[in-house]
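FYI, it's all coordinate maths here, none of it is from the lab. Treat the numbers as computed from the prediction; the structure is a model and nothing was measured. FYI the Cβ positions are ideal-geometry reconstructions off the backbone, even for glycines, and counts take in every protein chain you see.
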């Protein structure tokens, strides 16, 4: 299927937004943000529209993980999650 045909189908979703993976690469839709433990079990998730910055959801994911009762002292993530927001990590 041609790219423009895929985009036409996606335009029927009024909640979806255009996001950018790089300066030259864009997509139309949503982002899924996941937190996982070392065993690769998902401990938290958030779904946002495509234009949202990942960094703003790191705190949300860590807070959701804490509410499950899981303890952690290290966070490893994609650099997109290294926003300028500073928050207290669990001890």
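May I ask you to derive the FRET efficiency for residue 67 and residue 30 from their Cβ-Cβ distance with R0 = 22 Å, giving the value to the nearest 0.05? Provide the component values of the computation, followed by the final result.
Values: r = 23 Å, r/R0 = 1.05.
Here the calculated transfer efficiency is 0.45.
Modelled label positions at residue 17 and residue 82, each set 7 Å beyond Cα in the direction of Cβ, lie 2.4 nm from each other. Over all distinct Cα-Cα pairs of the stretch 3-81, the Kirkwood formula returns a hydrodynamic radius of 14.1 Å. Starting from the Cα of residue 39, step 7 Å along the direction of its Cβ; do the same at residue 59; then give the gap between the two resulting points in nm. Result: 3.0 nm between the two label points.
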